[in-house]
Each structure stands twice: as structure tokens, then as C-alpha cells.
Amino acid sequence: MSGDWTDPSVRWRGFAAGALALMACILAVATFGPGSTGNAAPRVNVEQRIGAALDTLFARENITPANVKSWRATASGKPTGRLAQRVTVGRSFLSLKFNHDLSTMVSLLGVRVVAVEKTKEETVSMHIICGGVTVRSVAFVTETRKE
């Protein structure tokens, strides 16, 4: 085959290849691009299992529902899809053990836990990451002494 664009068969093949490439790009953007939800069912299932693991650990640590405040995080007034929680704990709470236990429980889901400690504020934040996205943040705040 010659590369002569004056030949009608070469022009037709070039046009057809370009049109197919354009359609493939449009299909890819429609399927995986911004605003696509993809398959939300697996993420919902993972989030439910993460919630069950946290509930189990909260019960083990004697953390009551009254000590847990939850809300959906927003950025610039838009929902991020991340559930944020603030948990009040006593001074005897061992965040390192909780982090290890949580990481062990959710590791089979393909989820990891990243913790950040702020010593001055007496808080430890654990961010639960699934597929490169933070799906839940749990901030443990040490209760202040009443003197």
C-alpha cells in the first residue's frame, strides 16, 4: 500500500481510522471520565465493611455512640464522599493498638489506614484510604480533665 493521500482508498482508510479513534476516546470519557459514577456497589460494600470494623473496635474500646460525632465532609460547599468522625476518648486510649487492629481488619478489603498524631492538640486522625481515595477520617480527641 502506498502512502499517497490522493488515492481514494488511502483517504478512506485514514478517515475511518480517525473516526474510530475519536469514537473510542468519546466512549472512554463517557465511561471513566469526570462525573461518571462507575460501579458504586463495590465501594458501598467496602464502606459498610469499614463501618462494621470500626463499630467492632469502638465496642471493644468501650466507646459509646454518644462519644462519636459523624458528618459528610464537604469541600467548597460540595460533598466529597468522605465520612468524617470525631471520637472523644479517655487518656488511657491506645491509638497505636487501635490503628494496628483497624489496619488488620480492613487490609483484606484492599484498604489502608494512615494515621497522623498531633501531640499538642492531643489528637490522632486515622484516614482510611480505598483505591487512592480517603473514604473515612476518624479523629480521636482526648477528653479534657475536669478540675
Original post:
For region 111-118, does any single residue satisfy the condition of being under 19 Å from the mean Cα position of the chain (by Cα), surrounded by fewer than 17 Cβ atoms within 10 Å (Cβ to Cβ), assigned to a strand (DSSP E or B) and of a type outside the set (A, V, I, L, M, F, W, C)?
Top reply: yes
So, THR80, is that one surrounded by 10 or more Cβ atoms within 10 Å (Cβ to Cβ) and modelled with pLDDT of 90 or more or not? no
Taking first residues from region 82-109 that are free of Cβ contacts under 8 Å to residues at least 24 places away in the same chain and second residues anywhere that are assigned to a helix (DSSP H, G or I) and exposed (fewer than 11 other Cβ atoms within 10 Å of the Cβ), the pairs with Cβ under 7 Å that are 6 or more apart or on different chains are none
Reported set for region 119-147 where residues are over 24 Å from ARG91 (Cβ atoms) and either touching a helix residue (DSSP H, G or I) at 6+ places or on another chain (Cβ under 9 Å) or part of a strand (DSSP E or B) (or both) is ILE128, ILE129, CYS130, GLY131, VAL133, THR134, VAL135, ARG136
Residue hits (region 119-140; surrounded by 17 or more Cβ atoms within 10 Å (Cβ to Cβ) and closer than 17 Å to ASN45 by Cβ) are ILE128, CYS130, VAL135, ARG136
Result of the Cβ filter at 7 Å on region 56-67, keeping first residues that are over 17 Å from SER103 (Cα atoms) and partners that are not in a helix (DSSP H, G or I), at least 6 apart or interchain, is ILE63/VAL87; ILE63/VAL89; ASN67/VAL87; ASN67/THR88
Scanning region 72-96 residue by residue, those within 14 Å of GLU47 (Cα to Cα) and of a type in the set (D, E, K, R) turn out to be ARG72, ARG82
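The values are calculated or read from the model by the stated rules, or taken from the named source; none is laboratory data. Only a predicted model underlies this, so the values are computations on that prediction, with no experimental measurement involved. Every residue, glycine as well, gets a Cβ built from its backbone with ideal geometry; the counts of neighbours run over all protein chains shown.
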